[in-house]
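Structure first, commentary second.
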């Protein structure tokens with residue numbers, strides 16, 4: 001993974017069936033309540049990247 005020069009402590013990959021289900025997880029009130037004291041410092045230098053698998057159908061033609 002290439003970044004902008006900042007050091008990295010951790011890289012994490014998660015897989016969700018859909019963007020909607022990801023948003024349900026991140027917006028869960030119980031989860032947010034449990035993170036109250038640590039969320040802001042943890043998010044200060046975090047990035048989220050959405051990726052989708054792409055099938056190359058041109059290569060077979």
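What follows is calculated from the coordinates using simple rules that are stated; it is not laboratory data. Because the structure is a prediction, the values reported are computed rather than measured. Because the Cβ atoms are built from the backbone with ideal geometry, glycine has one as well, and the counts that use them run over all protein chains shown.
Below are the figures for this structure:
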quantity	calculated
Gyration tensor verdict on the chain (Cα atoms; rounded if a/c is under 1.5, prolate if a/b is larger than b/c, oblate otherwise)	oblate
Packing-based exposure ordering (other Cβ within 10 Å, fewest first) of 12, 31	12, 31
Residue-averaged 222 nm ellipticity for the chain, from DSSP H runs of 4+ at -39500 (n - 2.57), nearest 500	-7500 deg cm²/dmol
For 40, 15, order by how many other beta-carbon atoms lie within 10 Å, fewest first	15, 40
